[in-house]
Amino acid sequence: VRWDKLRALIGSADGSLFARFAQGLTLERLTVLANRHLVQLNPRYSIRRAADGEAGDLELEIVDHYQADAARPMRSLSGGESFLVSLALALGLSELASGRTSIESLFIDEGFGSLDADTLEIAMSALENLQAGGKTIGVISHVPAMQERIAAQINVTKESGGCSRVRIVA
């Protein structure tokens, strides 16, 4: 029975069955790590592997705990919700990729402009908590509320002739 199961998992000539199996294990671990962060960002949601869909069991869906644990596709999230879920997945992925090596830096480019004031506050608090935990957080943003809240900044101003001016604000 054990060998039959193993043959069923890796039995394809091109190895695609085994690759899909390994990807499923990795995705399962990623959802566990991402959900650790998501519960702090927004406890309303959790991420899980979808049972069925176009991508089969390699697709993710969101579980809405405020709506009787209803599951829905990730594409149904609003901009702010999508940002928080993406942040949780990115943080989970950094843990997954680091293995036994600690990744001490995180850079986030954009996405903050789509957030309402409450969601921006949640995101900023989460980033500040990560920073307090020893991570170096770099944020690229044009959102004035963030610029007011971040003490150490590198401001880049576009000038004529394809040049830019860099100014350090501490």
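Quick look at the values:
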| read-out | value |
| --- | --- |
| Cα-centre dipole for the chain with unit charges at Cβ (Lys and Arg positive, Asp and Glu negative), debye to 20 | 540 debye |
| Long-range HN-HN contacts of LEU106 with modeled amide H, under 5 Å | THR136, ILE137, GLY138 |
| For the chain, calculated [θ]222 nm from helices alone, where every DSSP H run of n ≥ 4 adds -39500 (n - 2.57) | -15000 deg cm²/dmol |
| ³J(HN,Hα), Karplus 6.51/-1.76/1.60, whole Hz, each residue of segment 41-46, x for Gly, Pro | 6, 7, x, 5, 10, 9 |
| Heavy-atom accessible surface of segment 1-115: percent carbon and sulfur, 1.4 Å | 56 percent |
| Å² of accessible area per residue within segment 69-165, as computed with a 1.4 Å probe and no ligands counted | 62 Å² |
| Whole-Å semi-axes of the ellipsoid equivalent to segment 91-160 (Cα gyration tensor, √5λ, descending) | 24, 16, 12 |
| For a label point 7 Å along the Cα-to-beta-carbon line of ASP109, residues of segment 131-170 with backbone N under 17 Å | 137-143, 154-158 |
| q = 0.14, 0.25, 0.30 Å⁻¹, segment 20-77: log10 I(q)/I(0) [Debye, one scatterer per Cα] | -0.37, -1.05, -1.26 |
| The chain, Rg to Rh (Cα coordinates; Rh as Kirkwood inverse mean 1/r) | 1.08 |
| Karplus-derived 3J(HN,Hα), 6.51/-1.76/1.60, for each residue of segment 138-149, Hz, glycine and proline x | x, 10, 9, 7, 10, 7, x, 4, 6, 4, 5, 8 |
| Theoretical FRET efficiency, 1/(1+(r/R0)^6), r = Cβ-Cβ of ASP69 and SER16, R0 30 Å, to 0.05 | 0.35 |
| For segment 69-86, Karplus couplings with θ = phi - 60° (6.51, -1.76, 1.60), whole Hz, Gly/Pro x | 6, 5, 9, 8, x, 4, 5, 8, 6, 6, x, x, 5, 4, 4, 5, 5, 4 |
| Placed amide H near ALA50: partners under 5 Å, 5+ positions off or other chain | GLU59, LEU60, GLU61 |
| Label-to-label distance, nm, for residues given as ILE140 and ARG36 (7 Å Cα→Cβ offset) | 2.8 nm |
| Protection-proxy order for peptides 155-167, 75-87, 122-134, each taking the mean of Cβ atoms within 10 Å per residue, highest first | 75-87, 122-134, 155-167 |
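The values are calculated or read from the model by the stated rules, or taken from the named source; none is laboratory data. Computed from a predicted model, the values in this text were never measured in an experiment. So basically every Cβ, Gly included, is an ideal-geometry build from the backbone, and we count neighbours across all protein chains shown. We work out accessible area using only protein heavy atoms, side chains counted, and drop any ligands, DNA or RNA first. Shrake-Rupley method; radii C 1.70, N 1.55, O 1.52, S 1.80 Å.
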